[in-house]
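Okay, so here's the structure we're looking at.
The values are calculated or read from the model by the stated rules, or taken from the named source; none is laboratory data. Fair warning: this is a prediction, and the values are worked out from it, not measured in the lab. Please note: Cβ atoms are built from the backbone with ideal geometry, for glycine as well, and neighbour counts cover all protein chains shown. Only protein heavy atoms, including side chains, enter the accessible area calculation; ligands, DNA and RNA are left aside. Shrake-Rupley method; radii C 1.70, N 1.55, O 1.52, S 1.80 Å.
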Amino acid sequence: MTNFKLFIKQKKIDVLIILSVVSFIIILPQIYEHAIIISGDSVFHMNRFYETYKQIKTGNFSYFQSLYGFNGSARIVNALYGPYLSYLMGFLLLIVKSWFKFQLITNFLLLVVSGLSMFLLARKVKVRKWIAIVMAIMYMCTPWVGNSSFTAVGASLFPLVFIAGISMFDQTKPISILKLSLLMAVLVQIHMFTSFLAVIVLIPFSIVAVILNKNRAQLVFRVIISAIITMLLTSNVWGAMFEVMANNHILTVFPNEMSGSVMHFSAIQFSLFDYGLYSAIFAFVVVRSFVLWKKIDVIQKMTTLLGVFFLILSTSLFPWRFAEFHFPFLRTLIQFPERFSVVAFVAMILSMGISLESSEILNLKKVKVGVKILFLAFTALLVLNANSIYGSVVSYWNTSKPFGNAAMPLTKNIDKIKNGFKNSDNLGQGFEYLAKVNPDYLPIKQKINNSESYNKLNPYVLYYQEVSLNKVKTKRLITKDGKIEITWKNGGSKKKFIKLPIVKYANSRIYVNNREGTKKVVKSSEIGVVSVNSNVGKNKLTIQYVPEKATRILLLTNLLSWSLFMLVSMFNYVKTKLKNKYVN
């Protein structure tokens, strides 16, 4: 029994068990309600994963155009948004064969990974174990747990960015090239905005580390090599972006009014847009750090300053109304200032942990016990709050409108929609009754530079009308080489243009009735939806996306880069294990 306890402790399984229990408690509402989350951005990402699930299942692959998801409209999404993660999620969906099970597993893993990454960060700065566990639970309970956006996925790994930054101060071996490259590559493959935040955080760490580190030449060399490797490991993402955006006027995300999408400070309120109980913790960290400024080390100083900076950016303390008025491009670049809270949470929780660890009062036995009880109660309250936030999101399932504002029902029967998503025999049935009309990455005729132009185009409504509600009766065939073949009938007495639920890009190759689709035969709408001059009777359209040669080379380079990277990583791992075994 003693040996078993020792094994548990040495392998940190006790920490994993605690974090797993906390994760289970947080997602209990979804288990209890047997609910599927189709509010927020969920349906958008479900379309992405359904696309890759069907590609893997059928063996019909297309890296660029959507063959099954997004109405099988041939629009480009996954190639520009987390392509490799999409295929990983599609593979998981293929295994579990249920949206309910898929969401439970991914949400559970997301919470555990969030906690583990924060625990590792805490231990990196030599914080004692019980404080590190408290920090991990605190991070797991941040408002992002109930958020269906992909920022939450990037946030689960963000503490690792701080580990990379702190490692730069190591005088003997500043940062691991392989670890930093892998971290940044994974963040880019998951979520571009999170990787953008990571770069912003690492820049000040790099500058200060170069000044203070005696091995600054080695540090600079390692950072440069890491950046080069990261570029190679993410060449599939930026290569696809360059091709698609260079050859088309691509519709960006909607220009959001940023002043209305900020976090708020409050003592009691705790929701997706409120810091709630964390507000008091942040206030304590900031006041203590500045009072003891001369006594705290450089890591805590940087952590606190970064925390304060991003805390301000995430709230109305920053003049977002002024900024978005004078710099309209920020409405699409940043879109939601509350996303800056990801960095604020990590930095402030880390600074709190360092403060507790360095507090001499914790060395007093009676005080230590009292502080542990206090934090046990505090973390219990946070877990219950996180459970409540998650429950509020899940509760939409049992309402008359279980879907978000950007999702449009194709039937008035709500039970039909819910049963469609419950159907494990046909995972795409739910999309037949509920359309996610996000028009992101659609090709438009002219570039949009402001909110007025975007609203005038009204792409959400256009996509709903031209694709989701398209009444043309069609038959589809997906080929092994990633082509979509669609047939329909012109029931009239003469040729006429018929709009099909298909989106065309500059490098899309279209054939109509086995002939190349010229401009006289194929026309595109304001959002790239094609209309075909159809013969009387039966017609056939074939569409395939053909990337440029340079892009194909980049995609091949990317696969080779990942293969080589994994081989080198495995070699280093085995080498380190053998070295440690020999030394011991």
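Below, the figures for the structure above:
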{"item": "Residue-wise HN-Hα coupling along segment 235-245, computed from phi with Karplus coefficients 6.51, -1.76, 1.60 (Hz; x: Gly, Pro)", "result": "4, 5, 6, 6, x, 5, 4, 4, 4, 5, 7"}
{"item": "Segment 474-545, relative contact order in percent, only Cα pairs under 8 angstrom and at least six apart counted", "result": "43 percent"}
{"item": "For the chain, calculated [θ]222 nm from helices alone, where every DSSP H run of n ≥ 4 adds -39500 (n - 2.57)", "result": "-18000 deg cm²/dmol"}
{"item": "Reference-scaled alpha-carbon Rg (2.2 N^0.38 Å with N residues) for segment 420-487", "result": "1.44"}
{"item": "Above-threshold pairs, the threshold being 20 Å between Cα atoms, out of LYS129/LYS368; LYS422/LYS483; LYS436/LYS523; LYS179/LYS577; LYS422/LYS473; LYS445/LYS473", "result": "LYS422/LYS483; LYS436/LYS523; LYS422/LYS473; LYS445/LYS473"}
{"item": "log₁₀ of I(q)/I(0) at q = 0.07, 0.09, 0.10, 0.12 Å⁻¹ - the chain, Debye sum with one point per alpha carbon", "result": "-0.47, -0.77, -0.95, -1.32"}
{"item": "Sum of side-chain charges, LEU197 neighbourhood, beta-carbon under 14 Å (Lys, Arg +1; Asp, Glu -1)", "result": "0"}
{"item": "Radius of gyration, Dmax [segment 192-268; alpha carbons; angstrom]", "result": "18.5, 51"}
{"item": "Cross-link partners of LYS418 among aspartates and glutamates (Cα-Cα below 14 Å; sequence separation of 8 or more within a chain)", "result": "GLU33, GLU432"}
{"item": "Translational D in µm²/s for segment 20-65 (Stokes-Einstein at 37 °C, 0.692 mPa s, Kirkwood Rh from C-alpha pairs)", "result": "253 µm²/s"}
{"item": "Of all DSSP beta bridges in the chain, antiparallel share, percent nearest 5", "result": "90 percent"}
{"item": "Pairwise FRET efficiency - PHE378 versus ASP425, Cβ, R0 = 56 Å, nearest 0.05", "result": "0.75"}
{"item": "Rounded, prolate or oblate (a/c below 1.5 giving rounded, otherwise prolate when a/b exceeds b/c) for segment 80-385 by Cα gyration tensor", "result": "rounded"}
{"item": "Whole-Hz couplings from phi, Karplus 6.51/-1.76/1.60, listed for segment 485-491; x for Gly and Pro", "result": "10, 10, 10, 7, 10, 9, x"}
{"item": "Separation of the ASN513 and ALA246 label points, Cα + 7 Å toward Cβ, nm", "result": "3.7 nm"}
{"item": "1.4 Å probe accessible area per residue over the chain, in Å²", "result": "48 Å²"}
{"item": "Over 28 Å between alpha carbons, listed pairs LYS412/LYS494; LYS471/LYS495; LYS173/LYS365", "result": "LYS412/LYS494; LYS173/LYS365"}
{"item": "Gyration tensor (alpha-carbon) shape descriptor, segment 474-545, a/c threshold 1.5", "result": "oblate"}
{"item": "Carbon/sulfur fraction of accessible area - the chain, other protein chains in place, 1.4 Å, %", "result": "64 percent"}
{"item": "Built amide H within the under 5 Å cut-off of HIS249, gap 5+", "result": "ILE444"}
{"item": "Principal axes of segment 153-299: Cα extent on each, largest first, Å", "result": "51, 46, 21"}
{"item": "Segment 80-385, relative contact order [Cα under 8 Å, separation at least 6], %", "result": "21 percent"}
